[in-house]
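Read the structure below first, then the notes.
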Amino acid sequence: MNAPTYEIPAELRDFAEKSVHQARTAVSSLLGTVIKSAEQVQSSSKTVNESMQAVVAKGLDQVQQNASSTFDFAQKLVRTRDLKEAFELQSDFLRTQIATMQAQAKDLAALAPNVTKSV
């Protein structure tokens, strides 16, 4: 027996998609400002060493990657037609994000010895 599916109205999906687009634009702008500020601090401060700069740069890259992945997911989510599709999409996203976070942690851990040596 097939369970009834709840269809998400097109108007609600359109509204949600516009909201995701606006949020993506706002976060991109914020990240751009943060990156510019970090670059200014790195170039103007002689006390920031190369190892720490590498960690900051890697961290900012990871923030951008995670934000982009999250907005891509949100955009796909608002386009789903029913709850089953939404739950499947969320499950895939969570699996991918866990793997990504593990890889990012390894990347940062690989940089840690260089930072502790220079301190």
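State whether the residues of the range 26-49 include one that is surrounded by 15 or more Cβ atoms within 10 Å (Cβ to Cβ), in contact with a Lys or Arg (Cβ under 9 Å, 6 or more places away or on another chain) and in a helix (DSSP H, G or I).
Checking the range 26-49: not a single residue is surrounded by 15 or more Cβ atoms within 10 Å (Cβ to Cβ), in contact with a Lys or Arg (Cβ under 9 Å, 6 or more places away or on another chain) and in a helix (DSSP H, G or I).
Among the residues of the range 27-59, what is the count of those that are among the hydroxyl-bearing types (S, T, Y) and either under 23 Å from F71 (Cβ atoms) or at pLDDT 85 or above (or both)? Working first, answer last.
In the first step, residues of the range 27-59 are kept if they are among the hydroxyl-bearing types (S, T, Y); the result is 28-29, 33, 37, 43-45, 47, 51.
Restricting the remaining residues to those that are either under 23 Å from F71 (Cβ atoms) or at pLDDT 85 or above (or both) gives 28-29, 33, 37.
Count: 4.
Which of the residues belonging to the range 1-37 are touching a helix residue (DSSP H, G or I) at 6+ places or on another chain (Cβ under 6 Å) and of a type in the set (S, T, Y)?
Selection gives Y6 alone.
Go through the residues of the range 64-76 one by one and say whether even a single one is touching an Asp or Glu at 6+ places or on another chain (Cβ under 6 Å) and either in a helix (DSSP H, G or I) or modelled with pLDDT of 95 or more (or both). Before you say what the answer is, go through the steps one by one.
Initial filter on the range 64-76 (touching an Asp or Glu at 6+ places or on another chain (Cβ under 6 Å)): none.
Checking the range 64-76: not a single residue is touching an Asp or Glu at 6+ places or on another chain (Cβ under 6 Å) and either in a helix (DSSP H, G or I) or modelled with pLDDT of 95 or more (or both).
The values are calculated or read from the model by the stated rules, or taken from the named source; none is laboratory data. Please read all numbers here as calculations on a predicted model, not as lab measurements. So basically every Cβ, Gly included, is an ideal-geometry build from the backbone, and we count neighbours across all protein chains shown.
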